[in-house]
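Enquirer: Right, I'll just put the structure down here and ask away after.
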Amino acid sequence: GILHGLDAMHGVGVGHLDIKPSNVILRDGDIPVLVDFGLSGRKLRPGCGTLEYVAPEVIGVLPDDHAPSALAADVYAFACMAFEVLTGRPLFEAADETAILSLHLAHDGWPDGLVSFGRLPGLSDVAVVLAASLRRDSRARPTVNEVRKALAQAGRKEDADRARAEF
């Protein structure tokens with residue numbers, strides 16, 4: 001449900017820019033719905049997002065000659081949130097803000113927690129999709145629609161090989 005909502009927003013060029021568990025409510029107890037669109041927009045701005053879910057480009061880490069994308073930042077934040085929903089713990093935890101920032105920058109798709117998650121039986125396909133969504137270079141991340149389709153196929157052996165090839 002979250003990815004469908006993001007796909008609709010992204011379809012008109014608008015990013016949510018603060019994807020996190022507290023900005024998702026459950027309608028009728030089981031339908032996830034995005035809320036709190038106060039930071040939404042077409043461009044990244046200082047202060048967008050929440051530290052535990054913020055993409056490297058939001059904190060100013062960009063490849064040369066690249067304009068950051070609000071849409072790609074949402075994909076990164078979604079992957080952080082999805083990991084937390086699936087495991088019950090944040091992907092990036094540390095003693096202070098500087099250490100959390102360092103954790104966001106110290107990987108290129110495969111932070112330690114995701115590596116461990118991907119070793120669990122039946123979850124390697126999901127881990128591959130999340131890793132692609134966590135790439136440091138936002139241009140290398142899949143779109144929300146691609147993430148949605150890949151997660152729908154995750155776990156299906158015949159589709160898993162194709163998903164790995166795509167990401």
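The values are calculated or read from the model by the stated rules, or taken from the named source; none is laboratory data. Small disclaimer: the values here were computed from a predicted structure and weren't measured. Cβ: placed from backbone, ideal geometry, glycine included. Neighbour counts: every protein chain shown. Accessible surface is based on the protein model in full, side chains and every heavy atom, while ligands, DNA and RNA are left aside. Shrake-Rupley method; radii C 1.70, N 1.55, O 1.52, S 1.80 Å.
Enquirer: Within region 57-133, considering only helices (runs of 4 or more DSSP H) that don't extend past its boundaries, which have at least 1 residues that are in contact (Cβ under 8 Å) with a residue 60 or more places away in the chain?
Expert: Answer list for region 57-133: 70-87.
Enquirer: Name every residue in region 10-23 that is open to solvent by less than 30 Å² (accessible area, probe 1.4 Å) and free of Cβ contacts under 8 Å to residues at least 40 places away in the same chain, in order of residue number.
Expert: 23
Enquirer: Quick check on my filter: what residues within region 72-103 are of a type in the set (A, V, I, L, M) and either touching an Asp or Glu at 6+ places or on another chain (Cβ under 6 Å) or open to solvent by less than 50 Å² (accessible area, probe 1.4 Å) (or both)?
Expert: Scanning region 72-103 gives 72, 73, 75, 77, 79, 81, 82, 91, 94, 99, 100.
Enquirer: Something else about it: Would you confirm, using the coordinates I've provided, whether residue 27 is exposed (fewer than 14 other Cβ atoms within 10 Å of the Cβ), among the basic types (Lys, Arg) and touching a residue at least 12 places away in the same chain (Cβ under 8 Å)?
Expert: It is false that residue 27 is exposed (fewer than 14 other Cβ atoms within 10 Å of the Cβ), among the basic types (Lys, Arg) and touching a residue at least 12 places away in the same chain (Cβ under 8 Å).
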